[in-house]
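A quick write-up on the structure given underneath.
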Amino acid sequence: MVLTGGTSGIGRIAATELAAQGATVAVIGRDQRRGDTLVADTTPLDGDIRFHQTDLATQTTVRSLATELLNTYDGIDALVHNAGLSSHRRSETGDGVELTFAVNHLAPYLLTHELLDRLRTAAPARVVVTASDIHRRATFNFDDLQFSSDYDPLQAYAQSKLATIAFTLELADRFEDTEITANCFHPGFIPSTNLFRDAPIWIRAMIRAAAIIPGIGTTQQEGAQRLCKLITAPEFGKKTGMYVTGDGITSPSTEATDPENRQRLWEISAGLVDVDPDWP
Ligand SMILES: NC(=O)c1ccc[n+]([C@@H]2O[C@H](COP(=O)([O-])OP(=O)(O)OC[C@H]3O[C@@H](n4cnc5c(N)ncnc54)[C@H](OP(=O)(O)O)[C@@H]3O)[C@@H](O)[C@H]2O)c1
């Protein structure tokens with residue numbers, strides 16, 4: 001299986017757990033040192049963790065990663081899009097795309113497109129996306145999806161997570177009649193991860209404080225368990241197009257489920273990464 005964002009937070013715990021259950025996990029992250037530490041810390045296991053260093057922010061590197069994975073693995077039975085960030089200041093990638101939108105939404109879109117044949121080869125297969133309940137704060141601003149004016153970090157993050165859910169639901173529909181499922185989940189509010197590393201110090205201090213107050217938020221272990229469940233539970237080999245929270249299968253916002261929004265986002269995303277929108 002391929003798991004992005006496995007060098008930190010819930011992805012790191014999930015990768016370790018899945019390998020301990022016997023899986024071969026190709027972990028994607030930016031930082032070679034963190035990747036090496038993960039591999040060193042998690043052997044020997046029943047399964048295997050292999051690290052592939054990639055920055056998912058640019059399309060060239062996502063395509064190079066896909067080529068590396070295609071050359072290394074004959075089949076990919078699970079593709080987990082867990083990497084994510086929240087960028088305090090607006091910045092653009094080398095492709096001229098707003099960073100949060102590029103990493104949280106466009107990278108999963110493009111990587112899924114590039115690895116499709118390996119998913120088909122390995123089917124039954126699963127695509128799992130780490131979303132967030134914060135998506136309920138967002139609506140799609142199709143006139144300015146990348147916040148070129150009035151950038152607000154929380155809104156940019158919320159809209160990127162709305163996009164990940166709309167993408168997952170649309171993908172599940174498009175996978176109808178295949179043996180590939182696509183589901184997404186909210187891991188919980190987990191103040192102890194590195195997600196807000198880019199925020200001003202006073203916000204980080206508040207989040208760190210929340211991490212030690214009993215009853216606030218979710219632990220990294222619980223978040224990782226939700227991820228692992230979507231990969232391993234037999235029911236999610238059949239159910240597709242689901243959004244899962246701590247309460248189980250839940251309806252995401254109508255903004256995410258709206259077929260017109262999903263279609264529009266799909267076509268815009270295809271244009272931004274330069275692929276034919278008529279896929280899979
Ligand atoms: N924490 C929460 O409260 C919360 C709530 C809802 C949803 N989520 C979602 O949960 C997922 C995991 O986040 P986390 O909370 O575990 O945070 P985290 O500790 O910061 O982990 C994020 C992971 O994403 C990777 N990543 C970020 N940008 C990347 C890039 N440009 N290229 C490649 N990898 C990149 C990081 O790799 P590096 O090691 O290279 O930095 C890291 O492995 C994210 O999608 C996040 O949006 C988190």
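Please report the net charge: other residues with Cβ closer than 12 Å to the Cβ of Ala123, K and R +1, D and E -1. Before the final figure, lay out each step's value.
Numbers: positive: Arg118, Arg120, Arg126; negative: Asp77, Asp117, Asp177, Glu179.
Net of charged neighbours comes to -1.
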Per the charge dipole of the range 2-273 (beta-carbon charges, Lys/Arg positive, Asp/Glu negative, Cα centre), the residue among Val39, Val62, His186 reaching farthest to the positive end is Val39
Search the structure for amide H atoms under 5 Å from the amide H of Thr24, placed 1.01 Å from N in the peptide plane, and list their residues when 5 or more places away or on another chain. Asp48
Among the chymotrypsin sites (Phe, Trp or Tyr not before Pro) in the range 122-183, which ones are in a DSSP loop with at most 14 other Cβ atoms within 10 Å of the Cβ? Mind listing them? Phe142
Based on the alpha-carbon gyration tensor of the chain and its eigenvalue square roots a ≥ b ≥ c, which shape applies: rounded if a/c is under 1.5, prolate if not and a/b is larger than b/c, or oblate? rounded
Be a star and scan the range 72-91 for residues whose amide nitrogen sits under 13 Å from the point 7 Å along the Cα-to-Cβ vector of Arg50. 72-77
Using Cα pairs under 8 angstrom and six or more residues apart, how large is the relative contact order of the range 1-111, in percent? 28 percent
Kindly list the residues of the range 123-165 that lie in the label zone of Thr257, defined by a backbone N under 17 Å from the point 7 Å along the Cα-to-C-beta vector. 132-140, 162-165
Taking square-rooted eigenvalues a ≥ b ≥ c of the alpha carbon gyration tensor, is the range 161-280 rounded, prolate or oblate, where a/c under 1.5 means rounded and, failing that, a/b exceeding b/c means prolate? oblate
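With a Förster radius of 45 Å, plug the Cβ-Cβ distance of Thr121 and Arg208 into 1/(1 + (r/R0)^6) and report the FRET value to the nearest 0.05. Each step should come with its number before you reach the end.
On the way: r = 44 Å, r/R0 = 0.98.
It comes out at approximately 0.55.
None of the figures in this text is laboratory data; all of them are computed from the coordinates on show. On a predicted model such as this, the values are computed, not experimentally measured, just so you know. Because the Cβ atoms are built from the backbone with ideal geometry, glycine has one as well, and the counts that use them run over all protein chains shown.
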